[in-house]
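Worksheet for the structure shown next.
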Amino acid sequence: GQGGIPATMPDGHESLAKMVASIERGFKSDEPHDAIMHVREIVRGIYRGHVSEDLASLFIKSSLTKCVMSMLKCRDLDEDSCEAIGETTELVLRIAVNYLQEGHIEVIDAVNRIFAESLPFYEAGGKDGVETDCSATEDSQSGAEGSEPEAPSAMLADRGGAPSGQITSAFDGLSPVYVHNVQVFHEAGGFAALLDCIRTTDPHPPNLATLRFLLRRFLRVKEALKRRVLARFAVEVREAVYTLLLSMTNDQLKNEDRKSINDSMHIVEDLAIAAELADTSIRSEQLMLDFGLKCMRSPYLEKRLMGLTEIKEVIMQCMHKQVVGSQGRARGQQQQVLQGIACGQVVADVAPGAGPQDSPVTAVVIDAEAPAMDVHGERWLSPQAVMQWLLDQQVVERIFGENIHAQVVKRSGDVLRFLALQGALSDDHVCLLWDASHGKHESVAHAIYHVVVELTPQLSVPQLALLEARIRDIPAEEFDKHRVSLLRGFAFNAVSATTQQQQQPPPPPPHRPQVGGAEAPRCWYGLDLLWDLAQDSAPISLELRQLAFTFVADLITWQPCFPHRHAFLDLCAANVRCGASVVQALKLTSKILLTFPPPGKARKREMCISDVIDDLDARHDMLEIFLVELHRFHDQCPPSPKPGEGPDEAAWRHHLTLIQERLDFLDFVLASASALELSEQQLDQLFHTLVIDARSPAEADLFFAWIESAVQREVVLPAALSQHVFEVSVRRLAPFAHLSAAGYSMFETLFVLHNRRAQRITSEKNRANASGGTPAAAGGGAFEVISSELAGSDTLWQIAVEAADEAVGARAVRFITRLRHRLSAEHLGQAAETVRAHHVAACIEALSLAATRLAGTGGGGEVAGSGAGGGADPAGAREAEENRRI
């Protein structure tokens, strides 16, 4: 052979391996000429059939790609080497076509290397190695943009013959040799063979990995093809790939992941974009919809989820393009109108009396009925087209049909919201959605509840009423945490939606009380049902009742629900009147009242909190029914149990909590009202119920603490009522043997407060309050006694002498002593000594009385102290102990 190249072809695996090894060593040397020639001879032998089919296949699979890459990477080649490389690449392309036509795709890897245009051979010597006929390149960019490509059959010849015509273009920057190689591959039928490999179904269609492997070849050469030619290729490839994807069986689809599918779609889309096909976007979106539907028909959950995701992506793209297109259209319309106004022109196409929504300045909604919409020069599926496809293919019925699954339902919200926004979600769809939760696994039902809540803002008012009716059909005893949360979410979104839509609501349910005040109610949307579930009589657990109350309280204090406030105040008043769920009613009333502004801060035609309370009392006699209910509740409670008696003790603590809730409500209402106040009769009724007729000392202590707090705020208890408690109510506690610490604290506060108002005691701001007693809290700071006649002194002495509680007696004694120490010589003068003398006389008198009582026991202090004579009267012993303390 020439140049040291053997003239014989390999005749066995061993000889082929030696040749390949020799070639590899040659390419690694500084002089690759011999290796290049050797590769050419082998390729020639394969092309001419001088190499056995077995050895040729082995060489192609194991070494051809590597040899081609080594040749194309060579630099600084002589003319013979460049010519040899050009001939070799051309022969490789023809061999590859032959193999492709026989269905062998392994040779395509070598073609891939040849079509890598950035290789050194193309960048250097290879540019002048071959003369390329570019006579047809003058119309390489001809044809109007978006024009339809010629029929593929006119470009692709039958497999038996080479296609005619120049398909390559002389783009600047591309090597003529590279362009020539593309032309050679086409003339040999390479592109037609590739398409046949994609279309083949014998023995089975190619998988997506093979499909991507074949499609990348088209992307390699797109820059070397004329636009018209590339458009023809793109159309053929697109149709072949789309047909392949849509004809896959469930088993074939199961073996493909989403990345492989998306990569295949993207390759086709990139090829169409490079060819500048006018329908690229529409066809791509249509494929995503059709393929998504195919996946949703699959029995495999993973593919169903993938299909739903494809459909949702089209919907999201559609909505995004709609917004972008509407913004661009609006800007153009506004500019036109503003220009017309600037020129003194009148917009003639606005009908007289048309509203703002009819003006061309604000009419920015895209025509959704068009089959496609134009956004930045591209054609996309319109919302109307996508909507119609969803309806025609019954996607909603497929999601919520017999093969329903929780994971699919969770991801279906975007589809339903899109249909609702387009006005295409029918009442049948809403019923299908709700009915799908019946008789299904709880995971499916919970997923449907979640979708219902998400969908609610997009529903029309009639559909909201339909859905509300379905929710009301659920028996109360079947409500659980998820259904209560469903009711809350539905009410929240429904009220918000109707507020935003400014829809005229239907009247409230006929079984509900009419609304008071100036506000008119909107739709209930389950708010009243939440209130029913919060009642003590609801057949659900305490936890669920509390949850329902929390939800209704949060909703009713939310501004869109403000029109319901008066209606719920009426509901609460009705509860108090009949004694049902009173604590819930009082709490909700307080929360609602707090949403009204304070006096002086209300806007025009807006009621302030005091006006609402006065109106509530005028219509329901609120204060009177509250007191009647409190008395009824008190009478129904049994006496307090002894300590340590278990469940009864816990129930009693709960009773005290409910009493405190009622007192807190009374305090809030009296402090917030302008004209509402307790009468003496009502105050006496309260005192008798909670103190004189108290079920336990703890119950009376709660009322004592409330009185002590209330008398310091005249807005709650005016001065006249405070004086009534001090002069009348306290005396009803006599004798004071069982007066508690809370009762004494109330009395001491009233004592200081009443004498200050009568100017018998005055504050002394500059003198420290040494004892830290209650008067500081009652009146603020130290004080001085400036009168010899203090109201309540006799009662104070009586408490000091009679109190059985040692702590109470000690406090009374300290307070008496403190009063005498605070006598003001400046104000009393000589009378101060007289007052002190009376004080000493009173002490002696009390001691004398105690001594008489001790003598009457027959045993003196010893008997009382030691308890000797085990049969001693316990009451007498206690009295002796009190006297000894005095």
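The values are calculated or read from the model by the stated rules, or taken from the named source; none is laboratory data. Nothing here was measured: the structure is a model prediction, and the numbers come from that model. Cβ coordinates were reconstructed from backbone atoms using ideal geometry, including for glycine residues, and neighbour counts include every protein chain displayed. Just the protein is used for accessible areas: all its heavy atoms, side chains included, with ligands, DNA and RNA removed. Shrake-Rupley method; radii C 1.70, N 1.55, O 1.52, S 1.80 Å.
Annotations
- Calculated on the Cα set of the stretch 37-77, radius of gyration then Dmax: 11.1, 35 Å.
- When nucleic acids and ligands are ignored and a 1.4 Å probe is applied, Arg820 ends up with an accessible area of around 50 Å².
- Probe 1.4 Å - accessible area at His266, Å² to nearest ten: 90 Å²
- Rounded to the nearest 20 debye, dipole of the stretch 221-263 from Cβ charges on Lys, Arg, Asp, Glu: 360 debye
- Per-pair calculated FRET efficiency, R0 = 41 Å: Val715 and Asp473 via Cβ, rounded to 0.05: 0.25
- The stretch between Gln546 and Arg25, if pulled fully straight at 0.36 nm per residue, gains 179.0 nm over its current Cα-Cα span.
- The lysines whose alpha-carbon is closer than 20 Å to the alpha-carbon of Lys303, local same-chain residues fewer than 8 away aside, are Lys254, Lys259, Lys294, Lys312, Lys410.
- Accessible carbon and sulfur surface of the stretch 383-483 relative to its total accessible area, %, 1.4 Å: 46 percent
- Kirkwood Rh in Å, taken over the stretch 522-677 so that all alpha-carbon pairs contribute: 16.7 Å
- Accessible carbon and sulfur surface of the stretch 586-730 relative to its total accessible area, %, 1.4 Å: 54 percent
- Per-atom-type breakdown for the stretch 196-304 gives carbon and sulfur 48% of the accessible area (1.4 Å probe, protein chains only).
- Figure note: Trp797, Trp380, Trp434 ranked by solvent-accessible area, largest first, 1.4 Å probe, ligands and nucleic acids not counted: Trp797, Trp380, Trp434.
- Cα→Cβ-extended label distance, 7 Å offset, between Glu784 and Glu397, nm: 9.7 nm
- For the stretch 606-613, 3J(HN,Hα) per residue [Karplus equation, 6.51 cos²θ - 1.76 cosθ + 1.60, θ = phi - 60°, Hz, x = Gly/Pro]: 10, 7, 8, 5, 5, 5, 5, 5
- Averaged over its residues, the stretch 638-754 has an accessible area of 42 Å² per residue, based on protein heavy atoms and a 1.4 Å probe.
- The stretch 593-697: mean projected area of Cα convex hull, nm²: 8.0 nm²
- Ligands, DNA and RNA aside, Val813 has an accessible area near 70 Å² when probed at 1.4 Å.
- Extension gain, Glu53 to His438, is 131.9 nm, computed as 0.36 nm per intervening residue step minus the present C-alpha separation.
- Distance between modelled label sites at Ser15 and Ser537, nm, 7 Å Cα→Cβ extension: 10.7 nm
- Using the Cβ-Cβ distance between Ala851 and Glu661 with R0 set to 56 Å, the FRET efficiency works out to roughly 0.70.
- Label-point gap, in nm, between Ile273 and Ala737 - each point 7 angstrom along Cα→Cβ: 9.9 nm
- Accessible surface, per residue, of the stretch 388-433 when the full set of protein chains is kept, probe 1.4 Å, Å²: 43 Å²
- Full extension of the chain between Ala810 and Arg836 gives 7.4 nm of extra length, using 0.36 nm per residue less the Cα-Cα distance.
- Amide H contacts under 5 Å for Gln535, placed H, 5+ residues apart: none
- Per-pair calculated FRET efficiency, R0 = 22 Å: Leu676 and Ala758 via Cβ, rounded to 0.05: 0.20
- Cα-Cα pairs of the stretch 166-266 separated by more than 22 Å (percent): 35 percent
- Sequence ranges 683-690, 452-459, ranked by mean other-Cβ count within 10 angstrom, highest first: 452-459, 683-690
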